[in-house]
Amino acid sequence: MLKKFTPAFILTGSVMVGALVVLTVIGLAYFQPWLGVTFGVDDEGGVKIVAVDPSGPGAALPVGAVISTIQNDPRGPVLALKATDLVEEPDTLEGYKALKDFFRRQRWIFSLLVAETVELSTKEGVRHEITPAWPRPITSLPAVFWVQLIVGGGSFLIGSWVWSLKRQDLPARILAFVGLSTMTFATAAAIYSTRELALPGGLFRALSAINHLGALSFGAGMIALFLVYPRRLVPTKALPVLPVVFGTWWLCDTLRVVFTGPAEGSHLPTMIEMLGILAAAGVQFWKTKGDAKARATLRWFGLTVALGAGLFVMLVIAPNIVGLPPLVSQGYAFLFFLLVFAGVAVGVARYRLFELEGWAFRILFYLGGVLLLVAVDAFLIFALAMDRTPALSLSLLAVVFLYLPLRELLSKRLMSRKGFRESLFRKMLDVALTTPGGDQGARWRGLLQEVFEPLKIEEGAPLASPAIEDDGVALALPAVGALPPLRLSHAYRGRKLFAPRDVALAEELCSMLRHAIESRTAYEKGVAEERLRIARDMHDNIGAQLISALHSPAAERKDTMIRETLSDIRSIINNAAEAGRPLGETLAELRYEASDRLGLAGVALDWRVEEEGAVELPSQTVHALRSIVREAVSNTLKHSGATSVAVLVSQREGRLWFTITDNGRGLPDKLIAGNGLGNIRARVESLKGTVDIANAQPGLRLHIGIPV
C-alpha cells in the first residue's frame, strides 16, 4: 500500500502525526492550574519558593520562603509538602510502595490546585491565599519542556525520513520504530517532568508507563538494528523475541508484579539493553572486518549510539541503580538521544548510512525549512491573540520578505519549464553527438535529471519501452544505442509519482535520442566507408598504375602513366562525380589499360565480349569496374607467374558478368587473404554483386556478377 505514496507524501504524513502528538502534549501541559511559582528543595529537604512570575497569581509570595503545607479550605484537610513531591522522574523513588504513595499525593495536591483558592503556609506560619490561573500561559512552560519536544519530534522525523526513502528495507523500518519510541518516551516525560507542582495521579501514572514503554522499545529497537545493520547477524524471524521479552518486562513493571521497584522494573532492563546494543555492535565490528565501507558505516553509527544512549544511561540511569541522584536533569539528558538521530542524518550525507544518497539529506533540509516556516506561523498566531497590531505588522513583513520572493522564484521556475520542450531536441543532439572520449552516459543522465528531477538514477533491467514500476515510484527506461537501461526513482524530487504522461515523454525522449544516435552512426559509417574507398582506390588504382609505370621500358610511356596516376589521385581525393558512361566505352577503356599493362610485362591478353548492349553505367559502377580490373591485373603480375590472361564479358539476367582467368600458379594450399582479393570482394559487394574465386587448374579464375 505504501508503495503508492511518494517520499514527500509519507514525510508530510509523518510530520502531521508528529505535529498531532506535539500539539496533544502541549495541550496536556497547557491545560493545567498555574500558580506562577517555581518550587525547589532546600537544604533540609523542605519545599521552598525559588522564583515567582511577576504577572502570575503567586506574585506576592516571598522568594526563598519554605512552604510547609497546602490546603484549599481553612477548615479542610491540610497536606504537608515533601521534597519527593517535586521529583522530576518518579522512577528515582525506592520501591513500588513509595511510588504508589507518590501518585496518591500527586492526586491529592492536584485536587487542591483546581479549587477556587489555594492556601500556602510558610514554615514560619504565614498563610498566603492564591487563586490559581487556568490554563497556564504557554510562556510559563520551561525550556526543558521544549527541549524534550524537540528531541522527540526531531528523532521521529529523522527516523520517518529514512523509512520513507527505504520503505522495504528492514533497517530503515527499525530505525523508524526507534524514532517513534524516542518520541513516545520524550514527549510523555515532557509533561510530567515540567509540571509546576502536581498532575492528576491517573494521568501521571499513565504518562510514566508510556515513558517506560518508549524507553524499552528504544533499547529493543537499537539491539534489533545492530543485529541486522550493516550486516545481517540473525534471521528476521528471531527479532520478535526482543519485543516479547522486554514487553513482558514492561508489563510486569506497570502492573507492579515480580519486581520490587523501579530500579528492577525499569532501570535494570534499560542497562541490559545498553549492554545488548554494545554486544551487537561489537559482533558487527568483528563481522565487518575487511569491508571498509561497512566498517566506516559502523564506526560512525556505533559512535553516535554509544555517545547518545551511553551517556544517558551513565548520567541518569546508572546513578539511580546504586541509589544516587541523576548527575544531569533527565529532560536535558534527552538531548543525547537527539545526538543519535542527528548522527544518522549527518552519516547519510557523509557515509551513505542506510544506503541513502546525498540528495536524501537535502530532503530533510527542505522539510526542516517548511517546519520552521510553520513554527513562525504558529508564533504569529499566538502573537496575534496577544496583540493584534504588532502581529499584523509581522504578518505583512512576512508576506513582503518571504511570500512575494518565493512566489517570484516559483513563477520563474514554472515559466522556464514552459519553454523546456523547445530545447529538448538540441539537448538530445548534444547527447547523441558526444565526441569520442566524452561521457555520453553522464549527459543522458543529466538530461533525464533536468526533465524528471528524480531523486535517484541507477542502471535498470532490460526492457523494450519505458514503463512505470512500483505503482509510480520508479520509471524504467530501455537501453538506447550503447547507453544502458536506466531506472529513475521518486519523480520531481520525491514530490510526485510517475504518471502516464511521464511515460509518454520518456518514449519521446528515447525515440529522439535513438534517431539522433542512428543518424550519427550512419554519418560515422559513411565517413568510414569513404576512408575505406580512398584506401582501396589508392591500393587498386594508384598501386596498379605505379607498378605498370615501373615495368614500362619506355621513358615517354612511363611519364604518361605517371601523369595519369597523378590525375587519378586528384580524382580519388576529390571524389569527382562523373557522368554515367556507356558500357561499350567503359569496356574499351578497361581492355586498353589491361592490355597495355600486361603487354609491358610480356603477358598475353585474350579479351572477349559476348553481348555488349546499350547500357549506361553509373559513375560509381564505372569507378568500381576500373578498380576491379586493375586489381585483378596487378595480382596476376605480382603473384601468379602467368603468361596469359583471358577475360570474358557477358550480359544476361540484368547483370554484367566478368570471368577473368590466368594460367598461373592459382590459389595456394593455405590462402592468406591480402588487400587485393579482399578489395575486389568488397567492391563487388558494395555494388550488390557476387564474386567467386577458385582454381582454374591451372591458374586462378575470378567470376564476377554486377547488377546493371
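The values are calculated or read from the model by the stated rules, or taken from the named source; none is laboratory data. What you see is a predicted model; the values in this text were computed from it and never measured. Note that we place each Cβ from the backbone using ideal geometry, even for glycine, and neighbour counts take in every protein chain shown. Areas reflect the complete protein model, heavy atoms only, side chains present, ligands, DNA and RNA absent. Shrake-Rupley method; radii C 1.70, N 1.55, O 1.52, S 1.80 Å.
Remarks
- In region 425-511, the alpha-carbon atoms span a convex hull of 87 Å³ per residue.
- Calculated FRET efficiency, Gln620 to Leu648, Cβ-Cβ distance, R0 = 22 Å: about 0.40 to the nearest 0.05.
- Charge sum, other residues only, whose C-beta stays under 12 Å from Gly36's C-beta, Lys/Arg counted +1 and Asp/Glu -1: -1
- Note on His490: accessible area is roughly 20 Å² with a 1.4 Å probe, heavy atoms of protein only.
- Taking a quarter of the surface of the Cα convex hull of region 1-106 gives a mean projected area of 11.8 nm².
- Region 93-188 - percent relative contact order, Cα under 8 Å, separation 6 or more: 20 percent
- On the beta carbon distance between Arg581 and Arg232, with R0 = 56 Å, the FRET formula returns roughly 0.10.
- Of every Cα-Cα pair in region 250-292, the percent that sits beyond 15 Å: 56 percent
- Links that overshoot a 32 Å alpha carbon limit, given the list Lys237/Lys496; Lys496/Lys525; Lys100/Lys123; Lys289/Lys456; Lys287/Lys496: Lys237/Lys496; Lys496/Lys525; Lys287/Lys496
- For Leu486, the amide hydrogen comes within under 5 Å of the amide hydrogens of Gly460, Leu477, counting only partners 5 or more places away or on other chains and with H modelled in the peptide plane.
- Added length on full extension, which subtracts the Cα-Cα distance from 0.36 nm per residue, Ser465 to Leu532: 20.5 nm
- For the pair Ala59 and Arg665, the difference between a 0.36 nm per residue extended length and the Cα-Cα distance amounts to 205.5 nm.
- Over region 50-143, the alpha carbon radius of gyration divided by the compact-protein estimate 2.2 N^0.38 Å works out to 1.15.
- Here the simple spin-label model places points 7 Å from the Cα toward Cβ, and for Arg295 and Leu268 these points are separated by 4.0 nm.
- Under 5 Å from the amide H of Lys496 lie the amide H atoms of Ala491, each residue being 5 or more positions distant or on a separate chain, with H modelled from the backbone and absent for Pro and chain starts.
- Ordering of 463-471, 439-447, 221-229 by packing is 221-229, 439-447, 463-471, highest average first (other Cβ atoms within 10 Å, averaged per residue).
- Averaging 1/r across all pairs of distinct Cα atoms in region 198-348 and inverting the result yields a Kirkwood radius of 16.5 Å.
- For region 143-184, radius of gyration divided by Kirkwood radius, i.e. Rg to Rh on alpha-carbons: 1.08
- Karplus-derived 3J(HN,Hα), 6.51/-1.76/1.60, for each residue of region 461-472, Hz, glycine and proline x: 8, x, 7, 7, 8, x, 8, 7, 10, 6, 6, x
- Glu469 long-range amide H proximity, modeled H, under 5 Å: Ala474, Leu475, Ala476
- Cα-Cα P(r), region 585-708, percent of pairs per 5 Å interval: 2, 11, 23, 25, 21, 12, 5, 1, 0
- On full extension, the segment bounded by Asn695 and Val17 gains 235.1 nm, given 0.36 nm per residue less the C-alpha separation.
- Here the simple spin-label model places points 7 Å from the Cα toward Cβ, and for His703 and Glu129 these points are separated by 13.4 nm.
- The Stokes-Einstein estimate for region 234-274, based on a Kirkwood radius over Cα pairs and taken at 25 °C with 0.890 mPa s viscosity, is a diffusion coefficient of 226 µm²/s.
- Converting phi to 3J(HN,Hα) with the Karplus coefficients 6.51, -1.76 and 1.60 and the offset θ = phi - 60°, region 118-135 yields 10, 10, 9, 10, 7, 4, 7, x, 7, 9, 10, 9, 10, 9, x, 8, 8, x Hz in sequence order, with x at every glycine or proline.
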